[in-house]
Amino acid sequence: MHEFAYLRARDAGSAVAAATTAETVRYLAGGTTLYDLMKLSVETPTKVVDINRLGLNQIEVGDREVVFGALARMSDVADHQLVAARYPAVSESLWKAASQQLRNMASLGGNLLQRTRCAYFRGGEPYSCNKRAPGSGCAALQGQNRNHALFGGSRDCIATYPGDFAISLLAFDAIVDVVGSDGQRSIPISQLHLEPGDTPQKEHSLRHGELITRIRIPATAAGRASTYHKVRDRESYAFALVSAAAALQIKDDVVTEVRLGLGGVATKPWRAKEAETFLLGKRLSEATAREAGDLAFADAKVTDQNKFKKELGARVVADALMIAKGRL
């Protein structure tokens, strides 16, 4: 591990000020991803700013919105009775992520910004990776890419966004509040993560030194009829092969609102808007749910190794929709 300076921030202002004084600075919350990548020399910050004393750990479930502090721990939110009752997709996305030990340590803000699990990104030399070393190439394009993306990839990167929580937030049009040297601003969750394009090293839209302070979910009746359905290689402590967050409203037996977020299949949290449009105004049955699943993956770009995800993904979406319907 490389040498680095350590600072424990007193408040958000001092944290941001410290973060803007060096080019390669990282915030430290739970550390469950940062320490790992520092040991692999993937992350080599010259300064680490500890933000654990900032008090950003609130969990508020109100009638107008749900508010999570960026330092709220995954396990605390997953276990919160009102979150589980009113927004089960959110609770499930956290329960199905990582191990209990990691959930007890990991913060929501850090979870949103966790980096790819591509083996070439984490493996170092002699593997090429444009995320780690821009311009070096992408070994996954012709290498081991079973777990890689079907959507949002480019000639420079096809690594899959690994998180679960952000997929559920996408289904609820969540908003991320941040603070930086230019003050405060709010970012729709759909605009937080970036597709790789020709700059795969840029994974999110945060400006230098900006700090996530809160995550807000606008209140919606679709929250109760929601689920996060995840299929993986083993029952626990594994990243998604395919996942789907589904939220519904049905009136007079027809779908009046539907949100579908996809995980494990794209370079960023992915919204299945064509499938949503198809379902509006229709009766939701197993047949229409499967049609929606097929539509969600109609434009998938597959490799020989990950082409199984297209069929699997359609089934996961269909199952998620029917699970959500059962909660009405």
Practice task
Give the residues of region 165-191 that are assigned to a strand (DSSP E or B), in contact with a strand residue (DSSP E or B) (Cβ under 9 Å, 6 or more places away or on another chain) and more than 23 Å from L102 (Cα to Cα), sorted by residue number.
Solution key: I175, D177, V178, V179, G180, Q184, R185, S186, I187, P188
Exercise for the section: Kindly establish whether I187 is surrounded by 14 or more Cβ atoms within 10 Å (Cβ to Cβ), among the β-branched types (V, I, T), modelled with pLDDT of 95 or more and more than 19 Å from Q114 (Cα to Cα). Expected result: no
Exercise for the section: Just name the residue that is surrounded by the fewest Cβ atoms within 10 Å (Cβ to Cβ) out of those in region 134-183 that are of a type in the set (V, I, T) and out of contact with any His (no Cβ under 8 Å at 6 or more places or on another chain). Expected result: V179
Practice task
Take region 168-202 and flag every residue that is among the hydroxyl-bearing types (S, T, Y) and touching a Pro at 6+ places or on another chain (Cβ under 8 Å).
Solution key: S190, T199
Practice task
Determine which single condition P188 fails, assuming it passes every other condition in (1) under 30 Å from A18 (Cα atoms); (2) touching a helix residue (DSSP H, G or I) at 6+ places or on another chain (Cβ under 8 Å).
Solution key: (2)
Practice task
For region 291-301, state whether one or more residues are assigned to a strand (DSSP E or B), in contact with a helix residue (DSSP H, G or I) (Cβ under 7 Å, 6 or more places away or on another chain) and not polar (S, T, N, Q).
Solution key: no
Practice task
For region 192-215, name all the residues that are in a loop (DSSP other than H, G, I, E, B), among the polar types (S, T, N, Q) and out of contact with any His (no Cβ under 8 Å at 6 or more places or on another chain).
Solution key: T199, Q201
Completion exercise
T160 fails exactly one of (1) closer than 27 Å to Y237 by Cα; (2) without any contact (Cβ under 8 Å) to a residue 24 or more places away in the chain; (3) assigned to a loop (DSSP other than H, G, I, E, B), namely (2)
Handout entry: Lone qualifier among T24, T33, T44 - being modelled with pLDDT under 95, in contact with a Gly (Cβ under 7 Å, 6 or more places away or on another chain) and on the phi < 0 side of the Ramachandran plot
Key = T33
Completion exercise
Residue count, region 225-249, condition within 15 Å of V316 (Cα to Cα) and not in a loop (DSSP other than H, G, I, E, B), comes to 15
Problem - Restricting region 266-282 to residues that are in contact with a helix residue (DSSP H, G or I) (Cβ under 7 Å, 6 or more places away or on another chain) and in a helix (DSSP H, G or I), the residue that is surrounded by the fewest Cβ atoms within 10 Å (Cβ to Cβ) - result: E274
Exercise for the section: For residues that are buried (at least 16 other Cβ atoms within 10 Å of the Cβ) and in contact with a helix residue (DSSP H, G or I) (Cβ under 9 Å, 6 or more places away or on another chain), tally how many sit in region 231-263. Expected result: 20
Practice task
Those residues that are exposed (fewer than 15 other Cβ atoms within 10 Å of the Cβ) and either without any contact (Cβ under 8 Å) to a residue 40 or more places away in the chain or among the aromatic types (F, W, Y) (or both), I need them from region 283-310; list them, please.
Solution key: R283, S285, E286, A287, A298, D304, K307, F308
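The values are calculated or read from the model by the stated rules, or taken from the named source; none is laboratory data. Quantities reported herein were computed from a predicted structural model and do not represent experimental measurements. Virtual Cβ from ideal backbone geometry, glycine too; neighbours counted across all protein chains shown.
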